[in-house]
Amino acid sequence: MLLECELPGIKKLRSGKVREVFDLGDCLLIVATDRISAFDCVLPTGIPRKGEVLTQMTAFWYGVLDFIPTHFITARFEAFPRELQPFGEQLRGRSMLVRKARPLPVECVARGYLAGSGWKEYCESGTAGGHALPPGLKQSDRLPAPIFTPATKAESGHDENITWRQCRSALGDELAAQVRDLTLELYGYGCAHAARAGILIADTKFEFGIADGETILIDECLTPDSSRFWPADSWEPGKNPPSFDKQFVRDWLDTCGWDKSPPAPALPPEVAEKTSLKYIEAYEKLSGLKLG
């Protein structure tokens, strides 16, 4: 299990909640660790093989969503530069080379079902992400049409939902409209693919950046960390379906007596192992491949 990644002689740019980013000069190396965060805290317990799932699932989706340019170069360790070859134990299967880009300061969230913060907002105001919704919807209900609900990005702490007006103020009208439309297009394409595998994508978030004057897709893509995956045969409006993501961890944290302030408690081994199996199952169902 990899919780920290140190590559002597290779410049580390930053450590996020899950990923380590290294500067290779003409490109970046992104390493997905097995760390997991919930309720704004990184837990002391890792999830076995989680970083491999995040990397290989993102690489899979980049291949499927080939109608939009991305920052992805390769996830094949054999194709990495010579100076990285001594670090195969840390990097193989869980890292990728990517183009440098200027990240946009907005998380681009698409929602097709009423869950999470969208459900909470709907119960309070009848809206989700500022979108007025029909009365009488239930938890986990399918929305009349997918909606775009942007959020601010946070390196640490919790991303905050913002209005469409705030999104336009942050990005400008033209770029805001572009990433909104791309987000909904990517979400629709992802949902259609997932449906063939018996999975519903309740919601997901994308990140975009600017490289060589072009808007490109960056960071992870349609993973269990950035998406809410539900088994289609267990979905029923009014109920919270089981999921192929970290909801299992959140559910345990909700019942263990933790007050949601740092430090987070360690997960029992059985919770970490079951979560790992959920992540792997999501990857294998969606990709049709075995985790390498």
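The values are calculated or read from the model by the stated rules, or taken from the named source; none is laboratory data. Everything numeric in this text was worked out from a predicted model, so none of it was measured. Counting neighbours? That spans all protein chains shown, and the Cβs are built from the backbone with ideal geometry, glycine included. Surface areas here come from the heavy atoms of the whole protein model, side chains and all, with no ligands, DNA or RNA. Shrake-Rupley method; radii C 1.70, N 1.55, O 1.52, S 1.80 Å.
Quick notes
- Average accessible surface area per residue within the chain, 1.4 Å rolling probe, Å²: 46
- Reported label for calculated Cα Rg over 2.2 N^0.38 Å given (i) 0.98; (ii) 1.17; (iii) 1.04: (i)
- Accessible carbon and sulfur surface of the chain relative to its total accessible area, %, 1.4 Å: 52
- Cross-link reach is defined here as a Cα-Cα straight distance under 23 Å, omitting same-chain residues fewer than 8 places apart; for residue 278 the lysines meeting it are 17, 50, 205, 239, 246, 290.
- Among 238, 190, 129, residue whose mean-square fluctuation peaks in a GNM of the chain (springs only between Cα atoms under 10 Å): 238
- Virtual paramagnetic centre 7 Å along Cα→Cβ of residue 251, amide N under 19 Å, in the range 37-66: 37-39, 47-48
- Amide hydrogen proximity for residue 246: with H placed 1.01 Å from N in the peptide plane, no residue at 5 or more positions away or on another chain lies under 5 Å.
- Viscosity 0.692 mPa s, 37 °C: Kirkwood-radius Stokes-Einstein D of the range 196-292 over Cα pairs, µm²/s: 212
- The residues neighbouring residue 278, those whose beta-carbon lies less than 15 Å from its own, together hold a net charge of -2 under the Lys/Arg +1, Asp/Glu -1 convention.
- Overall, the chain carries a charge dipole of about 180 debye about its Cα centre when +1 sits on the Cβ of Lys and Arg and -1 on the Cβ of Asp and Glu, all other atoms neutral.
- Between residue 34 and 2, 3, 51, the built amide H atoms are under 5 Å apart, and every one of these is 5 or more places off in sequence or on another chain.
- Across the range 1-117, the fraction of Cα-Cα pairs farther apart than 16 Å, rounded to a whole number, is 65%.
- A straight Cα-to-Cα reach below 17 Å connects residue 274 with the aspartates and glutamates 34, 52, 225, 245, 251, 254, 284, residues fewer than 8 places away in its own chain not being considered.
- Rounded Å value of the spacing that divides the Cα centres of the range 98-151 and the range 188-208: 14
- Efficiency of FRET between residue 259 and residue 291 - r from beta-carbon atoms, R0 41 angstrom, step 0.05: 0.70
- For residue 128, distant residues with modelled amide H under 5 Å away: 133
- Translational diffusion coefficient (Stokes-Einstein; Kirkwood radius from C-alpha pairs) of the range 21-86 at 37 °C, 0.692 mPa s, in µm²/s: 236
- Net length gained if the chain between residue 138 and residue 232 were fully extended (0.36 nm per residue, minus Cα distance): 32.2 nm
- Projecting the Cα positions of 226, 263, 247 onto the charge dipole of the chain (unit charges on Cβ atoms of Lys, Arg, Asp and Glu, taken about the Cα centre) puts 247 furthest along the positive direction.
- Taking θ as phi - 60° and the Karplus parameters 6.51, -1.76 and 1.60, the scalar couplings of the range 71-85 work out to 8, 5, 10, 6, 10, 7, 4, 4, 8, 6, x, 4, 5, 8, 4 Hz in sequence order, x denoting glycine and proline.
- Residue 39 accessible area, assembled protein chains, probe 1.4 Å, Å²: 70
- Per-residue ellipticity at 222 nm, computed for the chain from helices alone with -39500 (n - 2.57) per DSSP H run of at least four residues, works out to -9500 deg cm²/dmol.
- Computed from the Cβ-Cβ distance with R0 of 25 Å, the FRET efficiency linking residue 6 to residue 78 stands at 0.70.
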